[in-house]
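Q: Here you go, one structure.
Where a number appears in this text, it was derived from the coordinates with a stated rule and is not lab data. What you are looking at is a predicted structure, and each value in this text was computed from that prediction instead of being measured. Cβ sites come from the backbone with ideal geometry, for glycine too, and all protein chains shown count toward neighbours.
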Amino acid sequence: MRQQAYSLHASTSSATGDLSLLVRQYGDCTALTMGALTEAETRALVRKVFFREGSWEDVQADANGCLMPLATEAEHSLFRTLSENQAFKELFSTVMAQPPISAHTVAAYVRRTLSESNPARAFIDAFAEVIVHLLYDLFDESLIVELPAVPDEPVTSVSTELMVRTPQERPSTRRRPAGGRSTVAADVPQLPLDRLLTEYCDFRQSRAPSLSERDKDYLRLLFLWGKDLRSISRASNITYQRVQQVVACATERLQEDLLAHESYRVFLARLHRLCIVTPGVLASVVTEALGDQGGSIDVTAVGSFLFHVLKLDQVLKWYTIGRARVHCCTGTQPQLASILAYVREVRSHRRQPVSDSDVSAVCMFILSHSELPSTSVRTVATDLLALVSPPDIADQLEAALVKRGIPSHFADLARCLDDTACGDETSADYVHAVLCRDRRFAWAGLGTYALTAWGYPRETSTLDVVLHMIRTKGSGVTLGEVFDFMFTDQHYELRQSSVRQALKLAEGRQLRRVGVDVWDELEDAREDSEVTEHE
């Protein structure tokens, strides 16, 4: 959803006719459409407001490609339409002067405004329910009333401004001043960076002073356990929009606690100079910063948190490479462009697959032209070479698998390409990157890949294969069925004991035992597979 702020200014002009039209358009729930909404959006909104139910089939992508319930999209569209109407501005100018906002206060205002003979009065109660639900569902606790008044003078008449911010705008009672400086008191005892990250960003038991227990629980689920916002919403039994808001506030509180320390501000300034930003790169930066204490916390979770912070601070920009996109920090686009130019130059001299000498050359260039951590440079170089290299590498890998006729390790496939190519040896890391990205290939065990045409699902772990079997069957599967599929019908390079262990570890998280050696998917996990969130 596009980030924006809506400002509604009160007016003294009468708009009874406009209000009557609004009440009829958005209060008549029997109509096929409600005002500017489509028929599908109307049905989804009516079910959510009046019947407190929704269907996960009512999902669509917004302008940025993010999936969201159709009712939520309808609420945003409805508010954008209403915020342009003068009668709506006057309604809330009056209602906000007599908090709390409720369906009763909205209905009372409309009844006072419309005449007794106005036919729109029949839809007043339904209209009030829609409006109140709209505000408290989308903007719960982010209504900020600003009443400008002259000091030491009685306030006789003030202009009330209602500012409603969308959940993506990080609603918070704190405002960070320009330059990223923290508003925390200057006498906070300063901590070195390694101790600060270990104590504040250990999501198992963070000791950040501003975080409540609920904040810690939400951040732990999001960053440590990898749960998305919809999973957290179902687990906590609160709305998705409220979860967005709580997570945003908790993230900002933790960021404010960190910014109170000079060591973190220096560290954050270094992150702003990264020309390629991924959670893995940020995890490498954290590992370097922690040194010997790197094993005391989950650096992957900290990297995900820092990536989330940079996105919320609107520091990250897109750089498009073909059909792919790479994140970079603002102002580092020239560095990334020069690196990509060198990568393309390296690949322009030969058509054979990427060799280890190519990867090494790109690594040296990245190290000398960027501030990326050295531990992540090889992965970055391999990924960039995979993005800009000629597309015929995948065709050669497919031909090699067809010739071998069995699932093969990516290192063996790299050696197969060496037999048909001249020049340097093929980089096994590059072959692995291509196998992971191309949908013609499927994971078939540790480092082993097969063709999806052979019946292998596009999954990347034992648990994902089991979940694929459950969803395909529509019910639980037995351990024998799993073994038959993975070791008889297909040829996964795994041990049966490893499969048992994966099922055991997933019990209570993604799977539930419904009988003796019978497994089914948890309801929350099944819904998560239908709708996935991208921040």
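Q: Could you list which residues have their amide H under 5 Å from that of F441, counting only those 5 or more apart in sequence or on another chain, with H placed in the peptide plane?
A: T452
Q: May I pose another question? Counting Lys +1, Arg +1, Asp -1, Glu -1, what net charge surrounds L82 among other residues with beta carbon under 13 Å of its beta carbon?
A: -2
Q: Taking θ as phi - 60°, what are the ³J(HN,Hα) couplings along the range 467-481 by the Karplus curve (6.51, -1.76, 1.60), each to the nearest whole Hz, with x for Gly and Pro?
A: Karplus-based 3J(HN,Hα) across the range 467-481 equals 4, 4, 5, 5, 5, 5, 6, x, 7, x, 10, 8, 5, x, 5 Hz.
Q: Oh, and also: Starting from the Cα of M364, step 7 Å along the direction of its Cβ; do the same at R500; then give the gap between the two resulting points in nm.
A: The answer from the label model is 5.2 nm.
Q: Using Cα pairs closer than 8 Å and at least 6 residues apart in sequence, work out the relative contact order for the range 270-353, in percent.
A: Relative contact order here is 34 percent.
Q: Between beta-carbons, use under 15 Å as the cut-off and find the net charge around T379, counting Lys and Arg +1, Asp and Glu -1.
A: That works out to -3.
Q: Stretch T488-R513 to full length: gain in nm at 0.36 nm per residue minus the Cα-Cα span?
A: Between T488 and R513, full extension yields an extra 6.7 nm.
Q: A follow-up question, please. Quick one: which residues, 5 or more positions from V354 or on another chain, have an amide H under 5 Å from its amide H? H modelled 1.01 Å from N in the peptide plane, none for Pro or chain starts.
A: Counting only residues 5 or more places away or on other chains, the set is S427.
Q: May I ask you to list the trypsin sites (Lys or Arg not before Pro) in the range 221-264 that are in a DSSP loop and have at most 13 other Cβ atoms within 10 Å of their Cβ?
A: Qualifying residues, ordered by number: none.
Q: Then there is this: Determine ³J(HN,Hα), in whole Hz, for all residues of the range 252-269 in sequence, where each value follows from phi through the Karplus function 6.51 cos²θ - 1.76 cosθ + 1.60 and θ = phi - 60°; x replaces Gly and Pro.
A: 3J(HN,Hα) across the range 252-269, in whole Hz: 5, 5, 5, 5, 5, 4, 5, 5, 6, 10, 4, 4, 6, 5, 5, 4, 5, 4.
Q: While we're looking at this one, here's another question. If you place +1 on the Cβ of every Lys and Arg and -1 on the Cβ of every Asp and Glu, how big does the dipole about the Cα centre of the range 193-316 come out, in debye to the nearest 20?
A: 420
Q: Enumerate the lysines that K227 could reach by cross-link, defined here as Cα to Cα under 20 Å, with residues fewer than 8 away along the same chain left out.
A: In chain and number order, the partners are K216, K311, K504.
Q: If you rank E90, E262 by fewest surrounding Cβ atoms within 10 Å, what's the result?
A: With the sparsest Cβ surroundings first, the list reads E262, E90.
Q: Okay, moving on. Given a Förster distance of 41 angstrom, what is the FRET efficiency for T330 paired with D356, based on the Cβ-Cβ distance and rounded to 0.05?
A: E between T330 and D356, to the nearest 0.05, is 0.75.
Q: Please list, ordered by chain and number, the residues whose modelled amide H lies under 5 Å from the amide H of I321; skip anything fewer than 5 residues away on the same chain.
A: Result for I321 returns V326.
Q: Here is a follow-up. Between R404 and E262, what length comes free when the chain is fully extended (0.36 nm per residue of separation minus the Cα-Cα distance, one decimal in nm)?
A: Extending this stretch completely gives an extra 45.3 nm.
Q: What FRET efficiency comes out for the pair T375/Y136, r = Cβ-Cβ distance, R0 = 60 Å, nearest 0.05?
A: Calculated transfer efficiency: 0.80.
Q: Add +1 for every Lys or Arg and -1 for every Asp or Glu among the other residues with Cβ under 14 Å from the Cβ of C363, and state the total.
A: -3
Q: Please turn the phi angles of the range 228-234 into ³J(HN,Hα) values with the Karplus equation 6.51 cos²θ - 1.76 cosθ + 1.60 (θ = phi - 60°), one per residue in order, whole Hz, x for glycine and proline.
A: Taking θ as phi minus 60°, the curve returns 8, 5, 5, 5, 5, 4, 5 Hz for the range 228-234.
Q: What is the range 193-316's relative contact order, in percent, from Cα pairs under 8 angstrom and six or more apart in sequence?
A: RCO, the range 193-316: 30 percent.
Q: Further question: So for the range 193-316, what percent of the C-alpha to C-alpha distances run longer than 18 Å?
A: Cα-Cα pairs of the range 193-316 separated by over 18 Å account for 50 percent.
Q: How would you order 299-307, 104-112 from highest to lowest mean count of nearby Cβ atoms within 10 Å?
A: Highest mean packing first, the order is 299-307, 104-112.
Q: Using 7 Å Cα-to-Cβ label points, what is the R111/E84 separation (nm, one decimal)?
A: 3.3
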